Amino acid sequence: MERIPILKMGPYLLVTIQVDMHDRVAMTLQDELTQRIVSERARGVLLDISSVDVVDSFIGRMIGNIASMSRVLDAETVVVGMRPAVAITLVELGLALPSIRTALNVDAGMTLLKSARKMAGNGRPAR
Amino acid sequence: MAVLRDELIGLRSMDDMIKARQLVRDCAIFQGLSLVDQTKIVTAASELARNTLVHGGGGEMRLQALNDGPRRGVKVIFADRGPGIPNIELAMKDGYTTRGGLGLGLSGSKRLVNEFSIESQSGKGTTVSIVRWK
C-alpha cells in the first residue's frame, strides 16, 4: 500500500498529498502524523493539498481530524493549496471545515505557522 | 435522449472506488463539464460509491454520457443488494449517520448534482441515481 511521506523542515512537518487517496492511506497518514508530531517535537504541520482534485466527506473529515489532533498535541496545522473547485464543492457538500487554518500556498502557510508560533511563543516552555 | 457512453463497473473494493472516481471524471471531461461541475459530480460519486461499499456490501456503478438535445450530461447509477435503507427521509438528513461518519454522504451528494433519485427496499438493496448537466 502506498504511503504519504512526512518531511521534517525545522520545527515543522510538511505533508504533500499527491495521490488519489485510498481511505486506508488517509487513516495511516493520520496515525503516522500524530506519532511524528510527538517524536519530532513538531510545532506545526503544513498539509499541501494542491494536487488533490477530489475531497469528499471522508477525506474532509480526515483533514479536520489532523488539525484537531495536532492542536491537542500543541502543534498548529495549516492546509495549503486547496483548489477553487474543491473549495466550492466542499462547502456545497456541507463541510465548511470552520476549525482549520488555510493558506493559498506553501509560502503563505509557512508564514502563518511562524507567526502563530511567535504569538504563542512568549512564556511557552521550550521543547 | 441519447446515451453516448454506457459503462458498468463492479464496486467491491476501495480500488474499485478509486477507479470509479476516475471513470466519472473522464466521462465529465468527455461531456465538456466545467472543472467545478466535474469536481461536484466526482465528489458526489465518491460519496455514493463509498455508501455502496460500506452500507451495501458492494455492488455496481453504471456510468452514462447523456445527450438530451443540446444538453449534455453525466448520469451515474449505484446499485447494491445490501440491507436497504429503512427510513430514506431520515437517511437524507444532514448529520444522520449509522456508522459514525459525518452523515453528509446522501444529503451532501444531492446538493452537488442536478438530479437525484433513490430507491430502497428493505432486504433487497438500494439504487441511487444522479445526473449533472453541463
Just name the residue that is surrounded by the most Cβ atoms within 10 Å (Cβ to Cβ) out of those in region A:82-99 that are touching a Gly at 6+ places or on another chain (Cβ under 8 Å) and not charged (D, E, K, R). A:93
So in region A:41-66, with the set limited to residues that are open to solvent by 50 Å² or more (accessible area, probe 1.4 Å) and at the interface with chain B (Cβ under 10 Å from one of its Cβ atoms), which one is farthest from residue B:107 (Cα to Cα)? A:53
Complete set of residues in region A:90-108 that are in a loop (DSSP other than H, G, I, E, B) and on the phi < 0 side of the Ramachandran plot: A:95, A:96, A:98, A:99, A:100, A:104, A:105
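Counting only residues that are more than 11 Å from the chain's Cα centre (by Cα) and in contact (Cβ under 8 Å) with a residue 12 or more places away in the chain, which one in region A:61-79 is farthest from residue A:116 (Cα to Cα)?
A:61
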Looking at region A:34-49 only, could you name the residues that are in contact (Cβ under 8 Å) with a residue 24 or more places away in the chain and over 9 Å from the mean Cα position of the chain (by Cα)? A:34, A:36, A:37, A:38, A:40, A:41, A:42, A:43
Could you check, for region B:27-38, whether at least one of its residues is among the hydroxyl-bearing types (Ser, Thr, Tyr) and under 20 Å from residue A:57 (Cβ atoms)? no
Residue by residue through region B:89-115, note down the ones that are open to solvent by 50 Å² or more (accessible area, probe 1.4 Å) and modelled with pLDDT under 95. B:89, B:90, B:93, B:94, B:96, B:97, B:98, B:99, B:100, B:102
Would you say residue B:81 is of a type in the set (Lys, Arg), in contact with a Lys or Arg (Cβ under 9 Å, 6 or more places away or on another chain) and open to solvent by 50 Å² or more (accessible area, probe 1.4 Å)? yes
Can you give me the number of residues within region A:67-81 that are open to solvent by 10 Å² or more (accessible area, probe 1.4 Å), assigned to a helix (DSSP H, G or I) and in contact with a strand residue (DSSP E or B) (Cβ under 9 Å, 6 or more places away or on another chain)? 3
Every residue in region B:96-134 that is assigned to a strand (DSSP E or B), of a type outside the set (Asp, Glu) and closer than 13 Å to residue B:83 by Cα, please. B:120, B:121, B:125, B:126, B:127
Determine if region B:38-57 includes at least one residue that is away from every other protein chain (no Cβ under 11 Å) and either farther than 23 Å from residue B:91 by Cα or open to solvent by 30 Å² or more (accessible area, probe 1.4 Å) (or both). yes
Kindly evaluate residue A:116 against the criterion of being over 30 Å from residue B:12 (Cβ atoms), at pLDDT 95 or above and open to solvent by less than 20 Å² (accessible area, probe 1.4 Å). no
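From B:17, B:92, B:61, grab the single residue that is aliphatic (A, V, I, L, M), more than 22 Å from residue A:52 (Cα to Cα) and within 13 Å of chain A (Cβ to nearest Cβ).
The match here is B:92.
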For region A:6-28, enumerate the residues that are part of a strand (DSSP E or B) and surrounded by 14 or more Cβ atoms within 10 Å (Cβ to Cβ). A:6, A:12, A:13, A:14, A:15, A:16
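Can you tell me which residue in region B:25-37 is surrounded by the fewest Cβ atoms within 10 Å (Cβ to Cβ), limited to those that are within 14 Å of chain A (Cβ to nearest Cβ) and assigned to a helix (DSSP H, G or I)?
Filtering region B:25-37 for residues that are within 14 Å of chain A (Cβ to nearest Cβ) and assigned to a helix (DSSP H, G or I), the one surrounded by the fewest Cβ atoms within 10 Å (Cβ to Cβ) comes out as B:29.
The values are calculated or read from the model by the stated rules, or taken from the named source; none is laboratory data. As the structure is a prediction and not an experimental result, all values here were calculated from the model. Neighbour counts are summed over all protein chains in view; Cβ atoms, including those assigned to glycine, are modelled from backbone coordinates with ideal geometry. Just the protein is used for accessible areas: all its heavy atoms, side chains included, with ligands, DNA and RNA removed. Shrake-Rupley method; radii C 1.70, N 1.55, O 1.52, S 1.80 Å.
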